[in-house]
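Colleague: Have a look at the structure that comes next, please.
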Amino acid sequence: MLNIGCHLSASKGYLHMAKEAVGIDANTFAFFTRNPRGGKAKDIDEKDVKDFLEFISEHNFAKLVAHAPYTLNACSDKPETREFALNTMRDDLMRMEYTPNQYYNFHPGSHVGQGAETGIELIIKQLNEVLTPDMTTTVLLETMAGKGSEIGRSFDELRAIIDGVTLNEKLGVCLDTCHVYDGGYDIVNDLDGVLDEFDRVIGLDRLKAMHMNDSKNPFESHKDRHEKIGEGTIGFETMKNIINHPKLQNIPIILETPNELDGYANEIKMLRNAYKK
Ligand code: FE
Ligand code: FE
Ligand code: ZN
């Protein structure tokens, strides 16, 4: 089963997003839990949530992949930025429980010169403070391109975070195709090798979702610029290999390509046509 969708605007509520998804033949989607630059989240509209939950169960949605704001940096060198990250994530996770059993994806953070080891420690500290035994959401660490001092470029860094978190059964990984290629994992020439490496270091059972983006930049350039599917340095052939790979079945795939809704509809159509099962 190909579970595919794209990033949608949350401004008109949950039900609106789900209907928009169905309108472009998607059966999952991503959205920002609040303004991507941070700030206060909209109050939960309980009627909207109820209608939404009914709608997605009727339309066989796969899990959704909510995205934390970009400004969230659990390993900043500024205590007030770390506190913002902690409070934002805690609040987001509380809100996620209105729509139970979904994914919440975040960028591990940038250590801003403190070093990866300190960065990883700070991320672990935050996760140990916000994860609770009774939460139904799975929190996903996103694989990063390694721009600036980003943590999460290597599978080993993600493994180190998971190892340090007490309730790590609440953790998974969201693999972003643009980011890993930019980060130095050659999914174009050696997809199997990259997946083996992921399995050896992290375990493929942790791979819960993917962001499918082509890249504007060459392999290993650490720039993180997404391109439309098939129009970048990764290319459509690799995307086809990914969606049809036996080890990557059923996981939600989210497009974060530079598109409006009709562009996403077109990419979803292309990928559904290239799906062999
Ligand atoms: Fe992201
Ligand atoms: Fe991404
Ligand atoms: Zn990106």
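The values are calculated or read from the model by the stated rules, or taken from the named source; none is laboratory data. Note that the coordinates shown come from a computational prediction; the quantities given were computed from them, not determined experimentally. Every residue, glycine among them, receives a Cβ derived from its backbone with ideal geometry; neighbour counts consider all protein chains shown. SASA here: full protein model, heavy atoms, side chains in, ligands and nucleic acids out. Shrake-Rupley method; radii C 1.70, N 1.55, O 1.52, S 1.80 Å.
Colleague: Among the candidates 212, 270, 239, single out the residue that is within 16 Å of ligand 1 (Cβ to nearest atom), out of contact with any Pro (no Cβ under 9 Å at 6 or more places or on another chain) and closer than 19 Å to residue 2 by Cα. Can you show your working first?
Modeller: Details: 270 fails: within 16 Å of ligand 1 (Cβ to nearest atom); 239 fails: within 16 Å of ligand 1 (Cβ to nearest atom).
Matching residue, one of 212, 270, 239: 212.
Colleague: Would you check if there is a residue in region 162-184 being touching an Asp or Glu at 6+ places or on another chain (Cβ under 7 Å), at positive phi and surrounded by fewer than 23 Cβ atoms within 10 Å (Cβ to Cβ)?
Modeller: Yes; the residues of region 162-184 include at least one that is touching an Asp or Glu at 6+ places or on another chain (Cβ under 7 Å), at positive phi and surrounded by fewer than 23 Cβ atoms within 10 Å (Cβ to Cβ).
Colleague: Condition test on residue 91, is it in contact with a helix residue (DSSP H, G or I) (Cβ under 6 Å, 6 or more places away or on another chain), touching a residue at least 12 places away in the same chain (Cβ under 8 Å), in a helix (DSSP H, G or I) and surrounded by fewer than 22 Cβ atoms within 10 Å (Cβ to Cβ)? Before the answer, list the steps.
Modeller: Details: in contact with a helix residue (DSSP H, G or I) (Cβ under 6 Å, 6 or more places away or on another chain): no; touching a residue at least 12 places away in the same chain (Cβ under 8 Å): yes; in a helix (DSSP H, G or I): yes; surrounded by fewer than 22 Cβ atoms within 10 Å (Cβ to Cβ): yes.
In short, no.
Colleague: Residue check: is residue 19 surrounded by fewer than 20 Cβ atoms within 10 Å (Cβ to Cβ) and touching a strand residue (DSSP E or B) at 6+ places or on another chain (Cβ under 6 Å)? So that I can check it myself, show each step before the final result.
Modeller: Working: surrounded by fewer than 20 Cβ atoms within 10 Å (Cβ to Cβ): yes; touching a strand residue (DSSP E or B) at 6+ places or on another chain (Cβ under 6 Å): no.
Spelling it out, it is not the case that residue 19 is surrounded by fewer than 20 Cβ atoms within 10 Å (Cβ to Cβ) and touching a strand residue (DSSP E or B) at 6+ places or on another chain (Cβ under 6 Å).
Colleague: Follow-up question, since we're still on this one. Which ones in region 218-237 are within 15 Å of ligand 2 (Cβ to nearest atom), more than 21 Å from residue 272 (Cα to Cα) and crowded, with 18+ Cβ neighbours inside 10 Å?
Modeller: Here is the first cut: in region 218-237, the ones within 15 Å of ligand 2 (Cβ to nearest atom) are 222-229, 232, 234.
Next cut, more than 21 Å from residue 272 (Cα to Cα) only: 222-225.
If the condition is that a residue be within 15 Å of ligand 2 (Cβ to nearest atom), more than 21 Å from residue 272 (Cα to Cα) and crowded, with 18+ Cβ neighbours inside 10 Å, then 224 is the only one that fits.
Colleague: Just checking, does region 183-194 include any residue being among the aromatic types (Phe, Trp, Tyr) and more than 22 Å from residue 247 (Cα to Cα)? Break it down stepwise before answering.
Modeller: Going residue by residue through region 183-194, those that are among the aromatic types (Phe, Trp, Tyr) are 185.
Checking which are more than 22 Å from residue 247 (Cα to Cα) leaves us with none.
No, the conditions are met nowhere in region 183-194.
Colleague: Out of curiosity, is residue 186 away from ligand 2 (no atom under 15 Å from the Cβ) and not polar (S, T, N, Q)?
Modeller: Working: away from ligand 2 (no atom under 15 Å from the Cβ): yes; not polar (S, T, N, Q): yes.
Spelling it out, residue 186 is indeed away from ligand 2 (no atom under 15 Å from the Cβ) and not polar (S, T, N, Q).
Colleague: I need the full set of residues from region 192-218 which are assigned to a loop (DSSP other than H, G, I, E, B), in contact (Cβ under 8 Å) with a residue 40 or more places away in the chain and away from ligand 3 (no atom under 16 Å from the Cβ), in order please. Give the steps one after another, and end with the answer.
Modeller: So in region 192-218, the residues assigned to a loop (DSSP other than H, G, I, E, B) come out as 202-203, 213, 216-218.
The next check asks that each one be in contact (Cβ under 8 Å) with a residue 40 or more places away in the chain; those that pass are 202, 213.
Across region 192-218, the qualifying residue is only 202.
Colleague: Out of (1) farther than 22 Å from residue 252 by Cβ; (2) surrounded by fewer than 19 Cβ atoms within 10 Å (Cβ to Cβ), the odd one out for residue 191 is which?
Modeller: (1)
Colleague: Inspect region 241-255 for any residue being part of a loop (DSSP other than H, G, I, E, B) and open to solvent by less than 10 Å² (accessible area, probe 1.4 Å) and give the result as yes or no.
Modeller: Pass one, region 241-255, residues part of a loop (DSSP other than H, G, I, E, B): 245, 249-252.
If we keep only those that are open to solvent by less than 10 Å² (accessible area, probe 1.4 Å) too, we end up with 252.
Yes: region 241-255 contains one or more residues that are part of a loop (DSSP other than H, G, I, E, B) and open to solvent by less than 10 Å² (accessible area, probe 1.4 Å).
Colleague: Also, quick follow-up: Hey, could you check region 155-191 for residues that are within 16 Å of ligand 3 (Cβ to nearest atom) and small (Gly, Ala, Ser) and say which is farthest from residue 222 (Cα to Cα)?
Modeller: Start the filter on region 155-191 by keeping residues that are within 16 Å of ligand 3 (Cβ to nearest atom), which leaves 158, 173-185, 187.
Still in the list and also small (Gly, Ala, Ser): 183-184.
Working: 183: 6, 184: 8 Å.
Top of the filtered list is 184.
Colleague: Shifting gears a bit: Report every pair of residues separated by at least 6 positions or lying on different chains whose Cβ atoms are under 8 Å apart, first residue within region 174-186 and within 15 Å of residue 208 (Cβ to Cβ) and of a type outside the set (A, V, I, L, M, F, W, C), second within 11 Å of ligand 3 (Cβ to nearest atom) and open to solvent by 10 Å² or more (accessible area, probe 1.4 Å).
Modeller: 176/256
Colleague: For region 120-156, name all the residues that are open to solvent by 40 Å² or more (accessible area, probe 1.4 Å) and away from ligand 2 (no atom under 15 Å from the Cβ).
Modeller: If we filter region 120-156 for residues that are open to solvent by 40 Å² or more (accessible area, probe 1.4 Å), which is where we start, we get 121, 125, 128-129, 132-134, 136, 147-148, 153, 156.
Those that are open to solvent by 40 Å² or more (accessible area, probe 1.4 Å) and away from ligand 2 (no atom under 15 Å from the Cβ): 121, 125, 128, 129, 132, 133, 134, 136, 148, 156.
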